[in-house]
1. For Val20, are the conditions met, namely being closer than 24 Å to Ala134 by Cα, in contact with a strand residue (DSSP E or B) (Cβ under 6 Å, 6 or more places away or on another chain) and more than 13 Å from the ligand (Cβ to nearest atom)?
2. Being of a type in the set (Asp, Glu) and in a loop (DSSP other than H, G, I, E, B) is the filter; apply it to the range 142-188 and report the residue that is surrounded by the fewest Cβ atoms within 10 Å (Cβ to Cβ).
3. Free of Cβ contacts under 8 Å to residues at least 40 places away in the same chain and either within 13 Å of the ligand (Cβ to nearest atom) or under 15 Å from Leu207 (Cα atoms) (or both), is that true of Val153?
4. Can you find, within the range 38-63, the residue that is farthest from the ligand (Cβ to nearest atom) among those that are under 19 Å from Val106 (Cβ atoms) and in a helix (DSSP H, G or I)?
5. Could you run through the range 13-35 and say how many residues are surrounded by fewer than 22 Cβ atoms within 10 Å (Cβ to Cβ) and in a helix (DSSP H, G or I)?
6. So which of Ala10, Ala52 ends up being at pLDDT below 95 and surrounded by fewer than 20 Cβ atoms within 10 Å (Cβ to Cβ)?
7. Would you pick out the residues in the range 196-212 that are more than 14 Å from the ligand (Cβ to nearest atom), surrounded by fewer than 19 Cβ atoms within 10 Å (Cβ to Cβ) and in contact (Cβ under 8 Å) with a residue 60 or more places away in the chain?
8. With the condition kept exactly as written, say whether any residue in the range 149-156 is touching a Phe, Trp or Tyr at 6+ places or on another chain (Cβ under 7 Å) and of a type in the set (S, T, N, Q).
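The values are calculated or read from the model by the stated rules, or taken from the named source; none is laboratory data. For clarity, every value in this text was computed on a predicted model and none was experimentally measured. In this analysis, Cβ positions are derived from the backbone assuming ideal geometry, glycine residues included, and neighbour counts consider all displayed protein chains.
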Amino acid sequence: MTSLESANPAPQLPDVTQLVVGVLGGTGDQGRGLAYRLAKAGQQVIIGSRSAERAESAAAELGLGVRGMDNASTARQSDIVIIAVPWDGHGELLAALAGELAGKIVVDCVNPLGFDKQGAYALTPEEGSAAQQAAALLPDSRVTAAFHHLSAVLLQDPQIATIDTDVLVLGDERAATDVVQALTDRIPGMRGIYAGRLRNAHQVESLVANLISVNRRYKAHAGLRVTDV
Ligand SMILES: NC(=O)c1ccc[n+]([C@@H]2O[C@H](COP(=O)([O-])OP(=O)(O)OC[C@H]3O[C@@H](n4cnc5c(N)ncnc54)[C@H](OP(=O)(O)O)[C@@H]3O)[C@@H](O)[C@H]2O)c1
């Protein structure tokens, strides 16, 4: 082994360059930031919204060939659908779009959090996590979870070319998590790391409460790195 070879070579991941990525709630900070980064990396991206007009206007602001449409059309026309809506609207939105999302790779990045005087804290959904709620509501979709720990501020900043972070990718189907890892790897600086099955999504979603504390104390936009991988 030469010094340039890793002891843990990355597994072969699929080519995702031709896949269309939709972002439900793509008019918000997180969705818009992901849409921007993926489109900049050359991915075809559709921003979804409850209002087609809002989606079109957010897409026009981003440029880069990004299209905007209502959430249902976005789900229908995409191969991979990122869910980037607040926890409060998560269940209702997914239940309404179960048909449109059938057969799609769904990537849930929703962090169920509460906030009080002491800061952010993790909520525990009845199903165990937002990702497990998605899986329960979307039995015909290929549900994964990723992108929980990214800073929307960094994602949206056009002055920042590289975002130095790993992205934990969870899911119960290897082929689906491989696609999401490959998608993550398209964004300069990011690396998708498989991090277990959906039953372990709660800790990953909850860790955002800790990252918010880090960010407040150190005035940072902290990311995560997994070592020795
Ligand atoms: N912000 C971050 O740094 C960050 C980082 C990692 C993960 N996340 C997760 O990403 C998700 C979105 O975060 P965000 O900061 O982008 O939130 P946000 O701006 O408050 O909401 C995103 C979009 O969701 C739509 N929406 C709002 N309420 C809804 C409802 N009840 N039902 C359906 N759609 C609704 C809105 O779009 P329309 O009005 O156009 O439909 C809104 O623009 C959250 O679950 C969060 O935990 C955020």
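1. yes
2. Among those that are of a type in the set (Asp, Glu) and in a loop (DSSP other than H, G, I, E, B), it is Asp164.
3. Working: free of Cβ contacts under 8 Å to residues at least 40 places away in the same chain: no; either within 13 Å of the ligand (Cβ to nearest atom) or under 15 Å from Leu207 (Cα atoms) (or both): yes.
Here the answer is no, as Val153 does not meet what is asked.
4. Among those that are under 19 Å from Val106 (Cβ atoms) and in a helix (DSSP H, G or I), it is Leu38.
5. Selection size over the range 13-35: 1.
6. Within the list Ala10, Ala52, the selection yields Ala10.
7. Arg199
8. Among the residues of the range 149-156, at least one is touching a Phe, Trp or Tyr at 6+ places or on another chain (Cβ under 7 Å) and of a type in the set (S, T, N, Q), which makes the answer yes.
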